[in-house]
């Protein structure tokens, strides 16, 4: 059997999305492999050129320009959030206090929820980033006051065909290279890249480099903004909640590759039962519970271990934002344990005014005794 790759996990999500689209009578995905060979590269070049122009902008010009671009991309006018000025001040003050106490400027990670990409509130995904960037810019300004070319905050964004399926190939090609140059662009389908993209235009945007880029920026005091769920609830429950559930199972000796088990669980969850789509609703019908229980037993868990694990999974699966324990474990082990303090700011969306909710910043100066408990508390108190 061919060894499963991280891209195979996303391909399973894409298959699940296609299944749901057919059931709902929606149009199928528009991506065609030829577009990354013949169409996108030309617009990749244009995206790189535009990114170069942005990189030449001094900070007093670039910051308001980025704010304007966010509004234009979302097609809306910026909204007033009465909490934003206070949260900026609190985050800056906390960063300065950490610097005084530890001698280290903290790494700043702004975590956001993921509003819907369609409907009347689709613009909120841009507004979350706009306000998050204001907080990150304020922290950078406090560390490097008056600098014309500071380390600008970076957004972690997906640029693969699945992420950009709602736009045309020319726009997708321009956007992917633009984001690759100024932010942290992640191509979760690197096998679809043409040779020229893989080696030049979108170089090092695949799985093997993205985590190291992410950590390198945080260590260098460059704030990073990312969607904590990794995507919409449908994708998040399959790609993160299900995958990480399998990853942390206490199986002593796997009867199959762990990644293959992750795909098997995702395939169970991608099929509807009695009109219920588990990944959409977060609910597990009886048939799905039994299928997962049988899989856990086959993978090597005892009956008691299976029931405990299943109960834990049902609890997390109902949430639109998974716990992301692995992410927090990496942050603690790669940053905090090496003496680099971490500052976390959570931003979530709401359909009621002021639309954007910004939580109090959280400072982490030492590794929590129980990282999973820390992750669960952060998600449940800041996002749910």
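Couple of notes before you dig in:
- On full extension, the segment bounded by residue 380 and residue 46 gains 116.0 nm, given 0.36 nm per residue less the C-alpha separation.
- Span per principal axis, largest first, for the Cα atoms of the stretch 236-282 (Å): 36, 17, 13
- Between the stretch 369-384 and the stretch 111-159, the alpha-carbon centres lie 23 Å apart.
- The overall shape of the stretch 234-374, judged from the alpha-carbon gyration tensor, is oblate: a/c is not under 1.5, and a/b is no greater than b/c.
- If you sort the three axes of the alpha carbon gyration tensor as a ≥ b ≥ c, you get a/c of 1.5 or more for the stretch 112-229 and a/b no higher than b/c, which makes it oblate.
- In this simple spin-label model, placing a label point 7 Å from the Cα along the Cα-to-Cβ direction at both residue 118 and residue 3 gives a separation of 3.8 nm.
- Using alpha-carbon coordinates, inclination of helix 40-56 to the longest axis of the chain, degrees: 40 degrees
- Potential lengthening between residue 27 and residue 271 on full extension [0.36 nm per residue; Cα-Cα distance subtracted]: 86.0 nm
- Remark: spin-label model distance residue 252-residue 294 equals 2.6 nm, labels positioned 7 Å along the Cα→Cβ axis.
- Space enclosed by the convex hull of the alpha-carbon atoms of the stretch 1-139, per residue, Å³: 216 Å³
- At full extension, residue 280 and residue 142 could sit 45.5 nm farther apart than now, given 0.36 nm per residue minus the alpha carbon distance.
- Spin-label model distance (nm) - residue 212 vs residue 53, 7 Å beyond Cα toward Cβ: 3.4 nm
- Sequence-distant contacts, meaning Cα pairs under 8 Å at least 6 residues apart, place the relative contact order of the chain at 23 percent.
- What the Cβ-Cβ distance of residue 191 and residue 80 gives, at R0 = 45 Å and to the nearest 0.05, is a FRET efficiency of 0.50.
- Axis angle, to the nearest 10 degrees, between helix 207-219 and the longest C-alpha principal axis of the chain: 40 degrees.
- Rounded to 0.05, the FRET efficiency of the residue 68 and residue 90 pair, given R0 = 30 Å and the Cβ-Cβ distance, is 0.70.
- Taking the DSSP bridge list for the chain and keeping only pairs wholly inside it, about 30 percent are antiparallel.
- Here the scattering of the chain is modelled by Debye summation over its C-alpha atoms, one equal scatterer each and no solvent; at q = 0.08 Å⁻¹ the log10 of I(q)/I(0) is -0.43.
- Helix content alone sets the calculated 222 nm mean residue ellipticity of the chain: runs of n ≥ 4 DSSP H residues at -39500 (n - 2.57) each, divided across all residues, give -16000 deg cm²/dmol.
- Rounded to 10°, Cα long-axis angle of helix 169-182 versus longest principal axis of the chain: 60 degrees
- Tensor-based shape of the stretch 58-104 (alpha-carbon gyration tensor, a/c under 1.5 rounded, otherwise prolate or oblate): oblate
Taken together, the values in this text are just the output of simple stated rules run on the coordinates, not laboratory data. Keep in mind it's a predicted model, so treat the numbers as computed, not measured. Cβ sites come from the backbone with ideal geometry, for glycine too, and all protein chains shown count toward neighbours.
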